[in-house]
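Heads up, the thing below is written out as structure tokens.
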Amino acid sequence: MTTAQSYRINKGVADQIHELDDNVITCRDLRHAYAKEGHYRRVKVTGGVRGATYVERDRVCMRCPVKMRELYRVHSGWLERIRSYPVYPTKGYLLKNVPKGTNVIGMVRFEAFRRAMEEME
Ligand SMILES: [Zn+2]
């Protein structure tokens with residue numbers, strides 16, 4: 001079990017969180033709000049089963065620039081989910097140099113709270 005005392009905050013990480021857009025803060029706090037975008041597209045998969053057909057599609061977040069990419073193998077009458085992974089923007093989302101044990105989500109929530117308090121003033 002993690003105790004409150006074992007959580008750490010970090011100045012460098014706090015500074016980066018401070019720079020994030022409101023929508024990114026909301027997504028990191030509440031998770032992404034994905035919607036379907038576009039259609040399946042055929043893709044070549046390195047190391048895939050020879051002769052098999054693969055398709056992928058993206059689910060896009062309605063708030064922030066993150067996408068969830070899903071890869072499927074097409075079988076006769078059904079799709080086999082192979083993997084899904086997030087595609088992050090190159091800037092404004094991921095945090096750098098986060099020491100182990102840093103309570104990032106707690107810090108993100110604090111930032112959302114801080115901004116809300118600021119708006120009330
Ligand atoms: Zn999002």
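Solvent-free Debye calculation, one equal scatterer per alpha-carbon of the chain: log10 I(q)/I(0) at 0.17, 0.19, 0.21 Å⁻¹ equals -0.91, -1.02, -1.14. Summing charges over neighbours of His39, with a neighbour being any other residue whose Cβ is under 14 Å away from its Cβ, gives +2 when K and R count +1 and D and E count -1. Here the relative contact order of the chain, from alpha carbon pairs under 8 Å that lie six or more residues apart, stands at 29 percent. The count of lysine pairs in the range 9-107 whose Cα atoms are under 16 Å apart, excluding pairs fewer than 8 places apart on the same chain, comes to 4. Residue separation of Val74 and Val49 scaled by 0.36 nm, minus their Cα-Cα distance, works out to 7.9 nm of gained length.
So for the range 32-89, Kirkwood radius off the Cα pairs, Stokes-Einstein at 37 °C and 0.692 mPa s: how many µm² s⁻¹? The calculation lands on 270 µm²/s. For the peptides 106-119, 55-68, 19-32, 86-99, the ranking by packing is 55-68, 19-32, 106-119, 86-99, with the highest mean count of neighbouring Cβ atoms within 10 Å listed first.
Where a number appears in this text, it was derived from the coordinates with a stated rule and is not lab data. Here the structure is a predicted model, which means the values were calculated and not measured. When we count neighbours, we look across all protein chains shown, and the Cβ atoms used for this are built from the backbone with ideal geometry, even at glycine.
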